[in-house]
Amino acid sequence: MKVLCLSLAFFSLALFGQRLWIRWMLRYSLGEAIKEYGPKGHLKKRGTPSMGGVVALFLVPFLVILLYVLGMASFGSLVKIWAFPVAAAMVGLVDDGLKRWTRSSEGLKSLQKLFLQILITLPWAYYMARGGLYLTPSWSVGPEIGIALLAFFGVGFMNAVNVTDGLDGLASGAVAISFVAFLFLAKSDAASASAAVALAMVLAFLWHNAHPAEVFMGDVGAHLWAGLILSLCVAERALILIFPLGFLFGVEIVTVAIQIVSIRKFQRKIFLMSPLHHHFELLGWNETKIVARFWLVHLVGLAILLIFLFTITGRSVWNVG
């Protein structure tokens, strides 16, 4: 009941906060500058308020304090869950801030962003895996492999969610699906409560982000939710859950990698444009249809991978159902 009440409260706060943020961004003409080399249909979105993830980032400290004060989780467990997402969001905030400052579609250079992502991921990876890392609740690896895996997935997943955030509601809806799935798997109070309230805040954002979007997530939001999904997997001692929970995001980032390699090595494109959702845009698919179908792909892919994991590891290991 406490979690439900807290989720409703933060849904309301995020919904109202998002409205205030949209008004503030419009008042000072701080809307999104659309990339000229993207799909031409996106040019009509120029000026749409962005950085919607700032609202959730602002609410996170209050959430952590309330969860602790209400006795729903220890402060240490909450810090382990939320430290990385907040640090990741700060990198996104710097990138988004530069875009607003220069009023352009370009913020940090690719190498600058990668450097900052590595800079905040490595200390977290070391702290979380210094004694070993659990890939499943019954299978762990040593510190060296654990740190390398967390560093790889930390940086990779931030960029994966970021590239998925290219259509109205696409990334936020997929993140919501991942949080719902996680709630069926979570066993610790800190992880389940954090995921439930995070879900509420994502749904509040999706209310404004659904097509036609009144606000975009921005790098700050993409990094925040990417960091939280990964952090929750680590908190539940099951890093391998990042594969089902991040199914769609993985597909999107892989299509970007394939396109880059194909162009540089073979001077040809595999997709009309990457990531994958842009390919279907250029095929003439309606934006709403792409988003709805990609949500379904994410849901089905997530379910298939979970069933596969339960089958090969044994359902009792996960203590679900």
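The values are calculated or read from the model by the stated rules, or taken from the named source; none is laboratory data. Since the structure is predicted, the reported quantities are computational estimates derived from the model, not experimental observations. FYI the Cβ positions are ideal-geometry reconstructions off the backbone, even for glycines, and counts take in every protein chain you see. Just so you know, the surface numbers come from the protein's heavy atoms only, side chains and all, with ligands and any DNA or RNA stripped out. Shrake-Rupley method; radii C 1.70, N 1.55, O 1.52, S 1.80 Å.
Below, the figures for the structure above:
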| item | result |
| --- | --- |
| Using θ = phi - 60° and Karplus 6.51 cos²θ - 1.76 cosθ + 1.60, couplings along the stretch 247-257 (whole Hz; Gly, Pro as x) | 3, 5, 5, x, 4, 5, 6, 5, 5, 5, 4 |
| In Å², nearest 10: area of Tyr127 left accessible to a 1.4 Å probe | 110 |
| Relative counts (whole %) of C-alpha pair distances in the stretch 230-271, using bins that are 5 Å wide | 5, 23, 18, 13, 13, 11, 10, 6, 1 |
| Ordering of 272-280, 48-56, 101-109 by packing [mean C-beta count within 10 Å, highest first] | 48-56, 272-280, 101-109 |
| Accessible surface of the stretch 233-321 [probe 1.4 Å, protein heavy atoms]: carbon and sulfur percent | 69 |
| Taking all pairs of distinct alpha-carbon atoms in the stretch 215-321, Kirkwood radius in angstrom | 15.9 |
| Choice from Ile242, Ile147, Ile304 with maximal GNM fluctuation in the chain (Cα, 10 Å cutoff) | Ile304 |
| Coil-residue trypsin sites (Lys or Arg not before Pro) of the stretch 221-321, DSSP, other Cβ within 10 Å capped at 11 | Arg268 |
| Long-range lysine pairs (8 or more apart or interchain), the chain, Cα under 15 Å | 6 |
| Coordinate range along principal axes, alpha carbons of the stretch 54-189, Å, largest first | 47, 37, 25 |
| Percentage relative contact order, the chain, counting C-alpha pairs under 8 Å, at least six apart | 24 |
| For the stretch 121-271, alpha-carbon Rg relative to the globular expectation (2.2 N^0.38 Å, N residues) | 1.10 |
| The chain: equivalent-ellipsoid semi-axes (sqrt of 5 x gyration tensor eigenvalues, Cα, Å) | 29, 24, 19 |
